[in-house]
Each structure stands twice: as C-alpha cells, then as structure tokens.
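*Asks:* My questions will all concern the structure given below.
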Amino acid sequence: MIYLDYAATAPLLPEVLDAMHGAEKELFANASALHTPGHLAKNEIEKCRELLAKIVHAEPEEIIFTSSASEANNTVIRTFEGCQIETSPLEHHSIIETAKIYGGKKLPKLYSYMLANNETGEFLKLPSKKEGEYLHSDLTQVLGKMPIDVKGLGLDYATFSAHKIGGPVGVGALYVKNGAPFKPLIIGGNQEKKRRGSTYNTIGIVGFKAALEYIEKNRTWEKYDHEIRELRDTLAKRILSEIPGSSLNTEIDKDKSLPNILNASFAAAEGESIQLYLDAEGIIVSTGSACAAGDIKPSHVLMAKTGDAEVAHSSIRFSFGPANTMKDVEKVMDVLPGIIAKLQGMSTIKMKDIK
Amino acid sequence: MSDGKTEEQDWVYSDIVKDHFLNPRNFLMGNESNFKYDAMGLVGNPICGDQMKMYIKVQDDKIVDIRWKTYGCASAIASTSALSELAKGKTLDDALLISAKDIDNYLGNLPKHKFHCSILGHDALRDAINNYRSNKK
C-alpha cells in the first residue's frame with residue numbers, strides 16, 4: 001500500500017504504539033487521584049504538556065489537552081459566544097459551523113485563521129489584530145511540518161492534534177495565552193485547572209508525547225522541507241507534464257504552501273472515481289468531491305479558492321509523510337495517467353471542450 | 001485489510017458495484033462517432049457532480065445495442081453500467097419500465113445516500129427512447 005493521506009490521519013508511529021502499550025499496563029490509574037499510580041499517570045501528562053509547550057514556544061500552563069482539534073476549535077469559538085467572530089472561508093467545519101451558530105455583535109472580536117489549509121496546504125495570511133482583539137489559529141496541519149512559535153506569530157489561541165503527527169486519534173491540545181479570555185466547554189471537574197472537565201486520557205496523551213518526542217528528536221520539519229518537499233514537487237511537475245487536463249490547486253512555491261500537500265484537479269474525471277481506481281491499485285489519497293464525503297456540496301475550500309464546482313469535484317489531495325519515498329511517486333505516475341485517460345474517455349465532458 | 005477473506009467486504013461498495021466500476025460494461029470510449037447510434041439521451045450536470053449519456057441502437061422496436069458515457073462517482077459509473085446490461089435486448093416499452101430500484105437491486109444495493117444522486121441513468125435512457133420516437137415521427 002502507498003499511503004498518501006497523511007493530512008487526514010498519519011499512521012501510528014511504532015514509538016507511539018510501544019509507549020501506549022506500556023501505558024495501558026502501568027499508567028491505568030485516574031491521573032487526578034492522589035495515590036502513587038495516579039501520580040505516575042499525572043507525571044506523564046505533565047511531561048507531554050511541557051514538551052508540546054517547548055516545541056511551540058509556549059508555557060506549559062498555556063496548554064490544555066482536549067479530545068480533538070475540533071473540540072479545541074469549538075472551545076475557542078464558544079469562549080467568544082455572542083461576540084464578533086471573523087474566520088477565513090477556508091477554515092475547518094469545526095470553526096465555520098460553530099462561528100455561524102455562536103458569533104454575534106459584541107466585543108471583543110475574535111479572528112480565526114488557520115496558518116495552512118488542510119486541503120490545499122496553502123498558507124493563509126494571518127490578520128493583524130488591533131488592541132483588545134484576539135487571534136486564534138488552527139495549526140493542526142502545521143505541527144511537525146514547520147517550526148512553530150505561537151508567541152512569534154502573535155497568537156492568543158492555537159489548535160493542535162496528535163493524529164496528524166503519528167499519535168493517536170482522540171487527543172488534541174489548545175494553546176491559550178496567559179491572560180486571554182477562556183470559558184471551559186466541558187464543565188464539571190478540576191482537570192486541566194478547571195479549564196476542561198473529564199478524566200484525563202492518560203494513554204492517549206502518552207501516545208501524543210511519544211509522537212512529539214519523535215518530531216523533536218528527528219526535527220521532522222527539516223525532512224519535510226527537503227526530502228518530502230522534493231517528493232511533492234516532483235509529483236506536481238509530473239502530473240502537469242504527463243496528464244492532459246490536469247491543474248494544480250496548490251501553489252508549490254516554497255513560501256506558498258506546506259511541503260507535504262498537493263491538491264490537483266483532473267478535468268472531465270470525477271474525484272471519487274479517481275480515488276477508488278487508485279485505491280484498487282493500493283494507492284491511498286483523498287478527494288474534495290462531494291460524492292466521497294456523502295455530502296451534497298463539494299469541498300468549501302476548493303469552492304472558495306476556485307469558484308468552480310467541476311474543479312472541486314475533480315480534485316485529489318496527495319499528502320505525504322515521513323515513510324514515503326520517490327518510488328511511491330513513481331508508482332503513482334505508473335497508474336494515474338491511465339486512470340485519468342480511462343475516466344476522461346468515458347466522461348460526458350469532452351476533452352476538447354477543456355481549455 | 002489485506003486478509004483475502006475479508007478484503008471484498010472492506011470495500012465501500014458491494015462486490016457487484018465494485019466489479020461494474022472497475023470493469024464497466026458497454027461504455028463508449030472517446031468520441032461519440034465511435035458508435036453508430038439511433039438516439040441519445042442526457043441527464044444530470046457536471047456542476048452537481050454527475051452526468052450521464054445513453055446511446056441506443058434500435059431495430060424492430062428493440063434495443064439491439066447500447067453505449068453510455070458518465071461523468072461521476074464510482075456508483076454513478078457502476079449504475080450506468082448495470083443499466084446498460086439491463087436494457088440491452090429489451091423492447092423500448094420494456095426498457096421504459098426500468099426503474100432506479102431495478103438498478104439498485106441488480107447491483108446488490110448501493111449505500112442509501114448514493115441512491116438518489118447516482119442512479120440517474122434510467123432517466124437518460126428514457127430521454128434517448130423519447131428522442132428516438134420523436135425522431136421517427
């Protein structure tokens with residue numbers, strides 16, 4: 001299998017599996033308890049907090065563990081319930097939908113702009129906030145791919161997720177700058193300094209810690225900047241030169257996008273069909289087509305970017321990770337041109353109609 | 001996932017859908033002039049993500065040959081392929097009776113959310129038959 005869907009979920013790192021198996025046996029106790037097993041569990045949680053804080057240049061007390069990036073995003077938006085909330089049109093649904101329901105007219109104003117988009121990998125320009133305004137950024141796709149400095153970016157809030165870096169699904173984290181407004185989303189417990197109730201997910205957090213240790217030890221952002229960027233750029237260039245009707249939805253210039261994501265569209269061929277023909281060849285990718293998600297509308301990100309439903313329906317996202325090699329790119333290009341030619345050949349849309 | 005016994009059940013669609021998607025029957029590759037047809041029918045819109053065209057060759061009020069084109073997802077391709085098998089050899093009157101449910105049954109059922117958006121081919125076939133009949137008048 002050639003896995004090119006890291007931006008959806010990265011496979012669990014072997015180090016993460018080992019750490020979680022160990023934790024299942026030894027760190028099962030309730031981390032809020034005062035007894036020794038509880039204390040041991042709490043220690044591991046605090047080590048993870050310190051490590052994430054170090055990697056993103058925050059203070060440990062500014063990190064709150066959540067069940068997911070979506071929960072972290074919801075928490076920030078709900079903190080500003082009834083207030084003016086400005087988001088980019090490219091945000092995750094956990095921002096856009098929540099802001100639609102809870103945004104209002106009051107002050108202070110919150111901005112929520114992701115640093116890099118999950119579907120295209122492209123960077124967004126963060127807004128410059130005025131005195132008394134607050135800025136949140138969803139950094140889910142950025143962690144591990146680039147060095148992060150939440151203070152340098154001028155952020156009041158930032159969202160992270162474990163399963164995009166080889167940690168487990170079910171663990172996220174929220175950075176809340178000291179002194180920034182905060183309202184807990186889950187009420188009813190002293191955990192996380194009363195900022196998020198519910199029993200600590202020790203085993204999940206231990207997995208997150210192992211994944212963070214991996215990215216820190218290996219300085220993964222350097223590998224992404226060189227080797228993985230080369231894979232992505234090679235695939236982009238080969239698609240454009242070898243597949244008629246192809247176009248890129250990701251600007252691959254170094255300062256325009258994350259090094260590991262490539263979004264491309266293939267005129268007259270529909271995304272879910274491309275995805276499943278690739279799947280039948282053992283190549284795993286994702287699509288912005290409506291069909292694949294069981295949705296009525298295609299990707300809001302590609303619609304916002306291109307304004308063209310056909311381009312969105314025909315889009316494929318390739319997202320690379322540390323295990324990929326140039327052989328994977330070659331194997332994709334061994335089969336992709338044939339798949340696209342077959343779909344274009346059977347399509348109702350004539351290729352000569354396409355510019 | 002690579003366990004041979006369960007592999008087919010792991011796929012998002014049934015085995016019959018998978019087969020018709022990976023090995024579609026009777027599709028018209030490339031230019032429309034590659035098939036000598038008597039009438040054509042069209043349904044759907046690429047903006048919505050699905051469009052189908054059916055091309056029929058008719059003799060003595062019977063569909064003696066059929067081709068199709070589809071822009072759409074896996075179940076759209078599979079359902080058009082299945083329809084082409086169902087319609088081939090039928091009289092025009094019988095072909096008009098083929099319903100979305102017949103196609104769904106033939107395929108061993110599509111996922112529910114796919115039923116309405118991807119089974120459109122019978123409308124294209126009806127359109128083709130109507131065009132054939134009005135051309136003859």
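The values are calculated or read from the model by the stated rules, or taken from the named source; none is laboratory data. Because the structure is predicted, anything quoted here is derived from the model rather than measured. As a convention, Cβ positions derive from the backbone with ideal geometry for all residues, glycine included, and neighbour counts pool all protein chains shown.
*Asks:* Counting just the residues of the range B:82-137 that are more than 14 Å from every other protein chain (Cβ to nearest Cβ), under 20 Å from B:L22 (Cα atoms) and surrounded by fewer than 16 Cβ atoms within 10 Å (Cβ to Cβ), which one comes out modelled with the lowest pLDDT?
*Replies:* B:N109
*Asks:* Going through the range A:204-235 one residue at a time, which ones are over 20 Å from A:D328 (Cβ atoms), surrounded by fewer than 23 Cβ atoms within 10 Å (Cβ to Cβ) and among the β-branched types (V, I, T)?
*Replies:* Selection gives A:I215 alone.
A quick yes/no check of all residues on (1) in contact with an Asp or Glu (Cβ under 9 Å, 6 or more places away or on another chain); (2) touching a residue at least 60 places away in the same chain (Cβ under 8 Å); (3) over 14 Å from A:A180 (Cα atoms):
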| position | (1), (2), (3) |
| --- | --- |
| A:K109 | yes, no, no |
| A:E122 | yes, yes, yes |
| A:L126 | no, no, yes |
| A:H136 | yes, yes, no |
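*Asks:* I'd like to know if the range B:17-27 contains one or more residues that are more than 15 Å from the chain's Cα centre (by Cα), modelled with pLDDT under 95 and more than 9 Å from chain A (Cβ to nearest Cβ).
*Replies:* So far as the range B:17-27 goes, no, none of its residues is more than 15 Å from the chain's Cα centre (by Cα), modelled with pLDDT under 95 and more than 9 Å from chain A (Cβ to nearest Cβ).
*Asks:* When the range A:132-158 is examined, which residues are found to be touching a Leu at 6+ places or on another chain (Cβ under 6 Å) and in a strand (DSSP E or B)?
*Replies:* A:Y134, A:L135, A:S137, A:A158
*Asks:* Give the residue, chosen from A:I165, A:I96, A:I187, that is of a type in the set (A, V, I, L, M), under 23 Å from A:T287 (Cα atoms), surrounded by fewer than 23 Cβ atoms within 10 Å (Cβ to Cβ) and at pLDDT 95 or above.
*Replies:* Result: A:I96 is the single residue among A:I165, A:I96, A:I187 that is of a type in the set (A, V, I, L, M), under 23 Å from A:T287 (Cα atoms), surrounded by fewer than 23 Cβ atoms within 10 Å (Cβ to Cβ) and at pLDDT 95 or above.
*Asks:* Among the residues of the range A:271-279, is any within 14 Å of another protein chain (Cβ to nearest Cβ), in a helix (DSSP H, G or I), closer than 22 Å to A:D334 by Cα and among the hydroxyl-bearing types (S, T, Y)?
*Replies:* Scanning the range A:271-279, I find at least one residue that is within 14 Å of another protein chain (Cβ to nearest Cβ), in a helix (DSSP H, G or I), closer than 22 Å to A:D334 by Cα and among the hydroxyl-bearing types (S, T, Y), so the answer is yes.
For (1) in the same structural domain as A:M326 (by TED's automatic domain parsing); (2) under 17 Å from A:A323 (Cβ atoms); (3) crowded, with 18+ Cβ neighbours inside 10 Å, each residue gets a yes or a no:
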residue	(1), (2), (3)
A:K237	yes, no, no
A:L240	yes, no, no
A:G245	yes, no, yes
A:N260	yes, yes, yes
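*Asks:* Right, A:Y175: out of contact with any helix residue (DSSP H, G or I) (no Cβ under 6 Å at 6 or more places or on another chain) and of a type outside the set (V, I, T) or not?
*Replies:* It is false that A:Y175 is out of contact with any helix residue (DSSP H, G or I) (no Cβ under 6 Å at 6 or more places or on another chain) and of a type outside the set (V, I, T).
*Asks:* Restricting attention to the range B:21-56, and to residues there that are of a type in the set (F, W, Y) and not in a loop (DSSP other than H, G, I, E, B), which single residue is farthest from B:G121 (Cα to Cα)?
*Replies:* Within the range B:21-56, the match that is farthest from B:G121 (Cα to Cα) is B:F21.
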